[in-house]
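Student: The structure follows.
The values are calculated or read from the model by the stated rules, or taken from the named source; none is laboratory data. Predicted model only: the values in this text are computed from it and were never measured. Counting neighbours? That spans all protein chains shown, and the Cβs are built from the backbone with ideal geometry, glycine included. Just the protein is used for accessible areas: all its heavy atoms, side chains included, with ligands, DNA and RNA removed. Shrake-Rupley method; radii C 1.70, N 1.55, O 1.52, S 1.80 Å.
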Amino acid sequence: MTTKEYESYYVPSQSHWPIVGAVALFLIAVGAGNYVSDMNSEDGGYGGYILLAGIALVLYMIYGWFSDVITESLAGKYSHQMDNSFKQGMSWFIFSEVMFFAAFFGALLYLRVFSVPWLGGEGNNAETAAVLWPDFTAAWPLLKTPDGTETTAMGWYGLPLINTVLLLTSSITAHFAHTSLIKNNRSQLKVWLGITILLGIAFMYFQVEEYAHGYSEEMRLYLTSGVYGNSFYLLTGFHGMHVTLGCIMLIVMFFRVLKGHFTAENHFAFKAASWYWHFVDVVWVMLFVFVYII
């Protein structure tokens, strides 16, 4: 006869939130597709309204679902097994984000190593380039496309360098905040977490300034400025979206800290937000090297 104690595994009751999330994602997909197709129409169509409705519904779903999870966690219903489930879920989520950015970095590599040199006549494309684009110069960044579109490259100094310092510093302050939580020093936790949030907001502000500078008449670096403009804004824009999401997560953690949530032993939500923030910082370092410097 065994004397081993087995911990209980909490099984949540049926929830309507997955259905709400599915409807929200459907509205976002339909709305985004119609919005893009109706951009040139006179009335603009209804795609934008459907897209906004989907975004509002997904925000409602996130708020409601996370509120339920927080309530259950504070009630002590979650066991060590449930914590492992959350860790695996967050790990797979970050892995999916890694693959997301890997696809964009792969596209950037393909453009720089293969597509642009082929347009310039590299390999067996010499005759094609001579006939179709005799005046095209294959170089990166591609400042003049084969159809004559000209733009200006965004340098690594100035705002991009400032943003790099801001994010790297925020990763350090996020680590200090986590260490303070483990040591149960809640006053330092609030200070370091608050500084991390302010650094993230500063990063977003300077990125908006950078985009405004890129779209100025001086630079003429637009999303439509050939593959260089496309890749620049897609990579930095999606990263900026992830920084925004990371800031929201940290702000939620800050308010939970103010309400007395988390202990030195039980704080996975805080740890998950910290993981995500460090991931965002690593992605930016890669962006800074491969998009701005090299």
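Student: Rounded to two decimals, what ratio of Rg to Rh does the range 180-230 give with C-alpha atoms and a Kirkwood Rh?
Tutor: When Rh is taken as the Kirkwood radius, the ratio is 1.37.
Student: Leaving ligands, DNA and RNA out of it, report the carbon-plus-sulfur percent of the accessible area of the range 237-289 at a 1.4 Å probe.
Tutor: About 77 percent, which is the carbon plus sulfur part of the accessible surface.
Student: Another question, if that's okay. If you line up the long axis of helix 159-182 against the longest principal axis of the chain, both from Cα atoms, how many degrees apart are they, to the nearest 10?
Tutor: Long axis of 159-182 versus the principal axis of the chain: about 10 degrees.
Student: Please go through the range 107-146 and write out the chymotrypsin sites (Phe, Trp or Tyr not before Pro) that DSSP classes as loop and that have at most 11 other C-beta atoms within 10 Å.
Tutor: Sparse-neighbourhood loop chymotrypsin sites (Phe, Trp or Tyr not before Pro): none present.
Student: Oh, and also: List the trypsin sites (Lys or Arg not before Pro) within the range 200-264 that fall in a DSSP loop (any state other than H, G, I, E or B) and whose Cβ has at most 11 other Cβ atoms within 10 Å.
Tutor: Within the range 200-264, the qualifying trypsin sites (Lys or Arg not before Pro) (loop, at most 11 other Cβ atoms within 10 Å) are 259.
Student: Where only protein heavy atoms count, and the probe is 1.4 Å, what is the accessible area per residue for the range 81-156 in Å²?
Tutor: For the range 81-156, the solvent-accessible area averages 62 Å² per residue.
Student: Let me ask another. For the chain, what is the calculated [θ] at 222 nm in deg cm²/dmol (nearest 500), taking -39500 (n - 2.57) for each run of four or more DSSP H residues and dividing by its residue count?
Tutor: After summing the helix terms and dividing by residue count, I get -23500 deg cm²/dmol.
Student: So which GluC sites (Glu not before Pro) in the range 203-291 are both in a DSSP loop and have at most 12 other Cβ atoms within 10 Å of their Cβ?
Tutor: Loop-located and lightly packed - 217, 218, 265.
Student: What share of all Cα pairs of the range 79-155, in percent, falls into each consecutive 10 Å distance bin?
Tutor: Bin by bin from 0 Å, the calculated values are 17, 29, 20, 13, 11, 8, 2.
Student: I need the semi-axes of the equivalent ellipsoid of the range 156-294: take the C-alpha gyration tensor, multiply each eigenvalue by 5, square-root it, list largest first in whole angstrom.
Tutor: In descending order, the three semi-axes are 33, 13, 12 Å.
Student: Give 87/190; 77/259; 77/190; 183/259 a once-over and call out the pairs whose C-alpha atoms are over 21 Å from each other.
Tutor: Checking Cα-Cα distances, 87/190; 77/190 exceed 21 Å.
Student: Based on the Kirkwood radius over alpha-carbon pairs, what is the Stokes-Einstein translational diffusion coefficient of the range 247-294 at 4 °C with 1.567 mPa s viscosity, in µm²/s?
Tutor: Diffusion coefficient, whole number: 106 µm²/s.
Student: Label the range 20-148 by shape, choosing from rounded, prolate and oblate, from the square roots a ≥ b ≥ c of the eigenvalues of the Cα gyration tensor; if a/c is under 1.5 it is rounded, and otherwise prolate applies when a/b is larger than b/c, oblate when it is not.
Tutor: Oblate.
Student: Using Stokes-Einstein with the Kirkwood hydrodynamic radius over Cα pairs, what translational diffusion coefficient do you get for the range 67-207 at 25 °C and a viscosity of 0.890 mPa s, in µm²/s rounded to a whole number?
Tutor: Translational diffusion coefficient: 122 µm²/s.
Student: Hey, what's the per residue convex hull volume over the C-alpha atoms of the chain, in cubic angstrom?
Tutor: Once divided by residue count, the hull of the chain is 192 Å³.
Student: Please compute the modelled spin-label separation between residue 107 and residue 140, points set 7 Å along Cα→Cβ, answer in nm with one decimal.
Tutor: Distance between label points: 1.5 nm.
Student: Work out the FRET efficiency for residue 131 and residue 70 from their Cβ-Cβ distance, taking R0 = 51 Å, and round it to the nearest 0.05.
Tutor: It comes out at approximately 0.20.
Student: Between residue 56 and residue 99, what is the label-to-label distance in nm when each label sits 7 Å out along the Cα-to-Cβ direction?
Tutor: Distance between the two pseudo-spin positions: 3.4 nm.
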